[in-house]
Structures are given as C-alpha cells and as structure tokens.
Amino acid sequence: SALFGKLVPPGETPYPALVLCAMIPWQLFSQTLLGGCGVLTRNNDILRKIRFPTEVLLLSHVACRIAQFTASLAVLEIFLYHWGFPLTLGAWHILPWLVLQTLLSLGILFLLTPAGLITRDVEQGLGLAVLLCFYATPVMYPLSWISKVLSGKLLLLYMANPMVAIVEGYRGALLGGGGILQDNFPYQLLITAEVLVIFFTGYFVYKKAEPYFSQNA
C-alpha cells in the first residue's frame, strides 16, 4: 500500500518478507496464550480425579504450538528463498529468541490459568490484551519507524514490551541482517531479565495456587 511504502523505504527487503518474518512468531505467541489460558478448564475432569504436576498440561500445549510454528517456518523459508534470502547458518539465531518467547508465554500462562479456573473473564480480557499488544509490536511496520514517531518516555515504554525485541530478533535471524537490535546487548540483557522475572513470578504463583485447582475445576 501507499502508506507502508512510505514507512518502509525501497531497499533489499520486500515488505511481505518483513511482515511474515514477524507475523509467524507473533502467531505462535498469540495462539499459545489464547489457547493455553483455558487448558486447565478444558481438563477439569482430570484435575478432579488425578494428582499430577499440572504444568505438564501447559507444557504439552506449548510444545504443540512450537511444532506448528516449525512447520510454518519451513514454508516461510521457501518464500524467503524466492525473495532472495536463502537459508543460512544465521537462521539458527532464532533459537535464543524462541527460548525467550517460550519462557515469556509460559510465565504469562502460569499467571493467568489459575484465575481462568475461577472466571471466564480472564480469557476474554486476554484476547483484548493480545490485540493491543499486536499494535504495540513491530509486526506490520518496521521498528526503525518507531524512533521517528515516539521519543523519550513513550519510546522507553514501547521498547519495554519484550515482544519488540523478540520479533526483531526473528527478523534479523531469518533475513540475515542481524536486526536493528543486534548490537544492543544492554537492551537484550534487560529484556532477558524482564522475561525471566515474568517466568519465575508466574511459576511461583502457579505452584502456590496448584493445590486449589481440583476444588475450582
């Protein structure tokens, strides 16, 4: 479109490649959250009858989504090859970002799934939150454009979204350019620390609530 033609200056990276390299990881994130929030509710009969580490349910859900993500990546690589971006060893750099994204997704699910046993409003609220996060993540537009629109505290708030770094990390690995954040190690460390805090906080809350799952299932 004319709008995105202005946002993405003409260059070596076609706009469809720019979007798809971010959209596929984003779909993994959104589908993992939206499908995982109700995992305990959908397995309430098992929770009542059998005592087991219930996080296995969440882990299996996430594993299934990652398998689907892997298949989507294989198809994406065919298109990238057509656009002039053949598969290189640099594509393995997506693995740290995949690990970080998985920890972030699990941390959020650990926080939300216990509440989802009590009220379905959690799933509805999560859907709205994911939609807002989509527009606050550089999926449909390049990250380089943000610094031209936001500044100061607004830019810092935007960059505090872990999915900003994760999505841009995927782009850099798949397109071979390293990404705009490749050399920004302080920011990468900050985002990693943020994700780890979310993950361990979520897991702590989850394990504290776990004894009550059978009562609320």
Would you kindly derive the ³J(HN,Hα) couplings of the stretch 89-105 from the backbone phi angles with the Karplus curve 6.51 cos²θ - 1.76 cosθ + 1.60 (θ = phi - 60°), listing them in order in whole Hz, with x for Gly and Pro?
-> 5, x, 5, 5, 5, 6, 4, x, 6, 5, 4, 5, 5, 5, 5, 4, 4
Would you work out the charge dipole size for the chain about its Cα centre, treating the Cβ of every Lys and Arg as +1 and the Cβ of every Asp and Glu as -1, and quote it to the nearest 20 debye?
-> 420
Between Rg and the Kirkwood Rh of the stretch 1-145, both from Cα atoms, what is the Rg to Rh ratio?
-> 1.05
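Before anything else, pin down the relative contact order of the chain: Cα pairs under 8 Å, at least 6 apart, normalised by residue count, whole percent. Numbers along the way, then the final one.
On the way: 218 pairs, mean separation 74.5, N = 217.
The normalised contact order for the chain reaches 34 percent.
Mind checking the dipole of the stretch 116-213: about its Cα centre, +1 per Lys or Arg Cβ, -1 per Asp or Glu Cβ, Debye to the nearest 20? Mind showing how you got there, number by number?
Values: 6 positive and 6 negative charges, 21 e Å.
My answer is approximately 100 debye.
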Which of P114, L103, L131 sits farthest toward the positive end of the charge dipole of the stretch 12-140, with +1 on the Cβ of Lys and Arg and -1 on the Cβ of Asp and Glu?
-> P114
Amide H proximity to M140 below 5 Å, modelled H, separation 5+ or other chain, gives none
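Percent relative contact order of the stretch 130-194, based on C-alpha pairs within less than 8 angstrom and at least six residues apart? Present the calculation step by step, with values, prior to reporting the outcome.
On the way: 39 pairs, mean separation 17.8, N = 65.
Relative contact order here is 27 percent.
Just from its helices, what would the mean residue ellipticity at 222 nm be for the chain, if runs of 4 or more DSSP H residues each count -39500 (n - 2.57) and the sum is divided by every residue, rounded to the nearest 500 deg cm²/dmol? Numbers along the way, then the final one.
Values: 12 runs with 162 residues, N = 217.
Mean residue ellipticity at 222 nm (helix-derived): -24000 deg cm²/dmol.
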How large is the charge dipole for the stretch 27-138, taken about the Cα centre, if only the Cβ atoms of Lys, Arg (+1) and Asp, Glu (-1) carry charge, to the nearest 20 debye?
-> 320
Y203 accessible area, 1.4 Å probe, all protein chains in place, Å² to nearest 10 | 80
Nearest 10 degrees, 0 to 90: what angle lies between the long axis of helix 162-175 and the longest principal axis of the chain (Cα atoms)?
-> 50
Which of H61, H82, H93 moves the most in a Gaussian network model of the chain with Cα springs under 10 Å?
-> H82
Residue among F110, F69, F29 with the largest mean-square fluctuation in a Gaussian network model of the chain, springs linking Cα atoms under 10 Å = F69
Nearest-10 value in Å² for the accessible area of L156, using the 1.4 Å probe | 130
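At a 1.4 Å probe radius, carbon and sulfur cover how many percent of the accessible area of the chain?
On the way: 8090 of 11800 Å².
Roughly 69 percent, rounded to a whole number.
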Calculate one ³J(HN,Hα) per residue across the stretch 13-19 by plugging θ = phi - 60° into the Karplus curve 6.51 cos²θ - 1.76 cosθ + 1.60, and present them in order as whole Hz with x for glycine and proline.
-> 9, x, 4, x, 5, 4, 6
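The values are calculated or read from the model by the stated rules, or taken from the named source; none is laboratory data. Note that the coordinates shown come from a computational prediction; the quantities given were computed from them, not determined experimentally. Because the Cβ atoms are built from the backbone with ideal geometry, glycine has one as well, and the counts that use them run over all protein chains shown. Areas reflect the complete protein model, heavy atoms only, side chains present, ligands, DNA and RNA absent. Shrake-Rupley method; radii C 1.70, N 1.55, O 1.52, S 1.80 Å.
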